[in-house]
1. Hey, could you get me the Stokes-Einstein D for the stretch 4-143, Kirkwood radius over alpha-carbon pairs, 4 °C and 1.567 mPa s, rounded to whole µm² s⁻¹?
2. Report, for the stretch 153-262, the % of DSSP beta bridges that are antiparallel, rounded to 5.
3. Among 120-133, 69-82, what's the highest-first ranking by average C-beta atoms within 10 angstrom per residue?
4. What is the distance, in nm, between label points placed 7 Å from the Cα along the Cα-to-Cβ direction at Q60 and at E6?
5. So how do 237-249, 137-149, 218-230, 88-100 stack up, highest first, on mean other-Cβ count within 10 Å?
6. For a 22 Å ceiling on Cα separation, which of these pairs sit above it: K178/K263; K101/K178; K5/K48; K48/K139?
7. For the chain, what does -39500 (n - 2.57) per DSSP helix run (n ≥ 4), summed and divided by total residues, give at 222 nm, in deg cm²/dmol to the nearest 500?
8. Answer with a single label: of [x] 1.02; [y] 0.96; [z] 1.12, which was calculated as Cα Rg over 2.2 N^0.38 Å from the structure in view?
Amino acid sequence: MKTIKEQYYIQAKQWMIEAGKIIRERMDQPLFIETKSGRNDLVTEMDKNIEQFFAARIEQTYPNHRMLGEEGFGDHVTDLQGTVWIIDPIDGTMNFVHQQKNFAISLAVYEEGIGLIGCIYDVMADDFYHAIHGEGAYKNGVRLPRLNERLTLEGTMLACNHFWLCTNKLVSYASMEKLVRSVRGVRTYGSAALEFAFVADGTLDAYMSMRLAPWDIAAGMILVREVGGVTTTVYGEKINLLDNGPILTSNAGVHGEIVAYTKHKK
């Protein structure tokens, strides 16, 4: 008999694969694109349709659960009591619009504040990441190994976006410059969910972003946790999952060294 965690995972994967198929089938159709907080914060009718897809299925299957989603079709969630599904229907909307790849569906289930399952689906690559609390993290059904904590900062591949250079008001520029010069290389992928997944599978060693929302990080935090990684604010503080803020997720072996740079606020 399957545990409740496994039941949630099976149901979530079924819905996510179905949603991914919908996205791929409609990829060549014209998009209606809007902006939210600014010209770089895009939303399409696809984002909205996919979130509505999840909202309808969760309400029908689990009427006592709540859903927190980026596009506002879920519930007004102010706490993590009970069971809460946290969903980003398309994480990396700009990539979706301009590249038609490098975006993901992100879904997590939290119960009484504990992350039970986290799933990230790279729709166009057809790569499915999932993690179950206490049972490890997987990519396409293959268990991911624990991260090598003997990693050095000099050997670290770090992901962060260009906003650290353009509009950073959180960490001193001098500290960021020293950090960038200390690591092996810096990359930008444009999807927080995928960057969390890449930390979990070892493609990246660390990822930091200036402002992430609950739906950006909820699933990825579970993946990284299940391979021995660490997720905090960039200042090394515990995350309030219902707040937006600057996030650092990384291999535990270099987390403290990175925080030694990023804890210096402007």
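1. Details: Rh = 15.4 Å.
Once the numbers are plugged in, D ends up at 84 µm²/s.
2. Numbers: 9 of 15 bridges.
Restricted to the stretch 153-262, the bridges split so that about 60 percent are antiparallel.
3. Details: 120-133: 21.7, 69-82: 16.0.
Peptide ranking by packing, descending: 120-133, 69-82.
4. 2.6 nm
5. Details: 237-249: 16.7, 137-149: 14.7, 218-230: 25.5, 88-100: 21.2.
Packing proxy ranking, top to bottom: 218-230, 88-100, 237-249, 137-149.
6. Working: K178/K263 13 Å; K101/K178 32 Å; K5/K48 27 Å; K48/K139 27 Å.
As for pairs spanning more than 22 Å Cα to Cα, those are K101/K178; K5/K48; K48/K139.
7. Values: 8 runs with 93 residues, N = 266.
Computed mean residue ellipticity for the chain: -11000 deg cm²/dmol.
8. It is the value labelled [y].
Laboratory data are not the source of any read-out in this text; all were calculated from the coordinates shown. These figures come from a predicted structure and were not determined experimentally. A quick note on method: Cβ atoms are made from the backbone with ideal geometry, for glycine too, and the neighbour counts reach across all protein chains shown.
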